[in-house]
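These notes are about the structure you will find just below.
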Amino acid sequence: MTSTRTSPGKAVEDALRRFFAARRDEAAAIGPACAEVVAELESYVLRGGKRVRPAFVWLGWLGAGGDPDGATAEAVVRTGAALELFHASALIHDDVIDASLTRRGAPAAHVLFAGRHRDRCWNGDAELFGTGTAILAGDLAQGWADDLIRTGGLPAPAQARVAPVWSALRTEVLCGQLLDVTAEAAGAEDLDTPLRVNTYKTASYTVERPLHIGAAIAGADDALVAAYRAFGHDIGVAFQLRDDLLGVFGAAEETGKPSGGDLVQGKRTVLFAAALQFADAQDPDAAKFLRARIGTQLTDDELTAMRAVITDVGAVDHVERDITRRTDRALAVLRASGATDHAKEQLTAMAVSATQRTS
């Protein structure tokens, strides 16, 4: 396990490959259609991704005294792999909900399955088939994540400590997604709603709960758990705020998603809420323009104009300041915590990377 001392990425990849290898025959025995979907799910899970969630599990465990050469290390890696399966489920479902066409530079799962339906000249509606199949593939990934958490080899006391944290993570992500869907449908314009979405849909399962899971495996004390959770909340929200900026200004070749996609999809982000609030005070006509064009098919000129308004009224600067404020506060909490020096160093590097990324 020496390769996992800094990051468990390669070990997590190996654990995922072994898991899929062990489940392929089970799916094939049920039917060839199941085997085909599992093959696509395996490809989806193993196709890129930063593996940040397993890294936070690993560092949370190391920082609480976990031994990278000890008997529990492999089980910690498998726990991180379970989070990658859960993440795949969330992405697949999120793309269905948002009607996103691409993910990581490739067709989204529902688009891929719809295309397969058309290529084979099957009966019925190709898009409906693609959507249904993608939902089921995401459900399978989530169920298998639960299986891997339960059968990953954690000692019984650690398993008992992890169980309620895993349960909270699942509930928070799903409820965060519900908040997001509702906010878009209702046209929410306040700043509190998207911040709440960021807390539960992103921060919880990206940083806060993975660190909490690692700490729970190691049997960390309440003070370190509280520090991890405070750090994880702020870095997780800052991570999503950076994502909001990339969703409007990011280059498609770097993000793997259409440039300006959040505006076309009508995403009610903190960035957009701030832009509306500032435009209402500074330039009502600009605010009217933002409200009229959000969630519509934008021409290149309209997209450029929306970006200009969002920048000119100060929304970009507002979000950048919040990212900096949250990052600084999180790092201060981390420095004062009882985590090991090695974990502090690695978590600091990950925090900077997560909040300053360009993809």
Closer than 24 Å to residue 9 by Cα, outside any helix (DSSP H, G or I) and out of contact with any strand residue (DSSP E or B) (no Cβ under 9 Å at 6 or more places or on another chain) - does that describe any residue in the range 332-349?
yes
Residue 358 versus (1) within 30 Å of residue 218 (Cβ to Cβ); (2) in contact (Cβ under 8 Å) with a residue 40 or more places away in the chain; (3) β-branched (Val, Ile, Thr); (4) surrounded by fewer than 18 Cβ atoms within 10 Å (Cβ to Cβ): which is the lone unmet condition?
(1)
Which ranges mark the helices (runs of 4 or more DSSP H) fully within the range 95-186 that have 2 or more residues being among the polar types (S, T, N, Q) and without any contact (Cβ under 8 Å) to a residue 60 or more places away in the chain?
126-151, 156-186
Checking 106, 99, 64, 28 in turn, the sole residue that is surrounded by fewer than 21 Cβ atoms within 10 Å (Cβ to Cβ), over 21 Å from the mean Cα position of the chain (by Cα) and outside the structural domain of residue 254 (by TED's automatic domain parsing) turns out to be 28
Could you give every pair whose Cβ atoms fall below 7 Å, whose first residue belongs to the range 238-253 and is assigned by TED's automatic domain parsing to the domain that holds residue 304 and at pLDDT below 90, and whose second residue is surrounded by fewer than 19 Cβ atoms within 10 Å (Cβ to Cβ) and assigned to a helix (DSSP H, G or I), counting only separations of at least 6 or pairs across chains?
none
Here are some residues: 89, 7. Which one is outside the structural domain of residue 345 (by TED's automatic domain parsing), touching a residue at least 40 places away in the same chain (Cβ under 8 Å) and either under 18 Å from residue 161 (Cα atoms) or part of a helix (DSSP H, G or I) (or both)?
89
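The values are calculated or read from the model by the stated rules, or taken from the named source; none is laboratory data. Since the model is a prediction, treat every value here as computed from it, not as a measurement. Neighbour counts are summed over all protein chains in view; Cβ atoms, including those assigned to glycine, are modelled from backbone coordinates with ideal geometry.
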